[in-house]
């Protein structure tokens, strides 16, 4: 169908059109999710599919819809700088809508949700194209969309202590992997917010959280360069990790609210996460360690600056 047809559907209230079968409309809109045109992808395909999922139009086939969307995470995986990232990123964003619907209505078998989670974590640590805004093509935003999906899985009744630990580990992996892309479109906030959803579940003890946080913090410290000239610092990945830690500190300190579509304001985000005080202190220590010349140590002692 033409772009004007889908624009008329949006203008008429985004209802499912009755002049063609739902599966035909769905296949066409799913194909448009990988379009380099932001009008087709951002303004038409994604909003329509997300609206229909939330309205229950796919409740009878939600498992099949998710099984059809999830393989898009593998399309062109390993490439960098081409249009294939759009298919992967928007597949993640739409899968988040599907998992949200299951979180709210209990429609998908546990094994299926777990399989989607496995595919998601595999994609997220292997994604190389971390561009945010792409001139002429709009948002790629694989990091942010993947973070949203991780946060949605964190809310799933099927994800317990083990699965939530895996989500934290994948978050650390994503932060620590070398990249040439420095985030500048709010990716760190979206990733920290997904971490807050994990922490709010209250399933993980500080014995798990402390070493995980130490691992993340290690990515903000320059490597030892004895006998050689150090390279430029911070690297893009160190910059991204530092921004994430600062965002996580702010979200822990101020508290965050749930998303209305996730129906978690009352339950998941009703109070502060367990171990909040210890986490705040640990995050602050990590931030201090990044710039010992700038911040007072936790003991109040002056630290000796190093050349950078």
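The values are calculated or read from the model by the stated rules, or taken from the named source; none is laboratory data. Predicted, not measured: the structure shown is a model, and the values here were computed from it. Quick reminder, even Gly has a Cβ in these numbers, built from the backbone with ideal geometry, and neighbours come from all protein chains shown.
Tabulated data
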{"item": "Odd one out for residue 130, checked against (1) surrounded by 23 or more Cβ atoms within 10 Å (Cβ to Cβ); (2) in a helix (DSSP H, G or I)", "result": "(2)"}
{"item": "Residues satisfying the stated conditions in region 133-154, i.e. surrounded by 24 or more Cβ atoms within 10 Å (Cβ to Cβ) and at positive phi", "result": "141"}
{"item": "Filter result for residue 182 (touching a strand residue (DSSP E or B) at 6+ places or on another chain (Cβ under 8 Å) and more than 25 Å from residue 268 (Cα to Cα))", "result": "no"}
{"item": "Selected residue [more than 18 Å from the chain's Cα centre (by Cα) and either in a helix (DSSP H, G or I) or modelled with pLDDT under 95 (or both)] from 252, 294, 248", "result": "294"}
{"item": "Single unsatisfied condition, residue 197 versus (1) assigned by TED's automatic domain parsing to the domain that holds residue 77; (2) not in a loop (DSSP other than H, G, I, E, B)", "result": "(1)"}
{"item": "Residue 48 being touching a residue at least 40 places away in the same chain (Cβ under 8 Å), in a helix (DSSP H, G or I), under 20 Å from residue 12 (Cα atoms) and in the same structural domain as residue 142 (by TED's automatic domain parsing)", "result": "yes"}
{"item": "Any chance residue 122 is closer than 25 Å to residue 45 by Cβ, modelled with pLDDT of 95 or more and surrounded by fewer than 17 Cβ atoms within 10 Å (Cβ to Cβ)", "result": "yes"}
{"item": "Matching option when the condition is crowded, with 20+ Cβ neighbours inside 10 Å, out of contact with any helix residue (DSSP H, G or I) (no Cβ under 6 Å at 6 or more places or on another chain) and not assigned by TED's automatic domain parsing to the domain that holds residue 125, among 238, 253", "result": "238"}
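Matching residues to (1) part of a helix (DSSP H, G or I); (2) assigned by TED's automatic domain parsing to the domain that holds residue 104; (3) surrounded by 14 or more Cβ atoms within 10 Å (Cβ to Cβ):
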site	(1), (2), (3)
35	no, yes, yes
40	yes, yes, yes
63	yes, yes, yes
69	yes, yes, yes
72	yes, yes, yes
79	no, yes, yes
82	no, yes, no
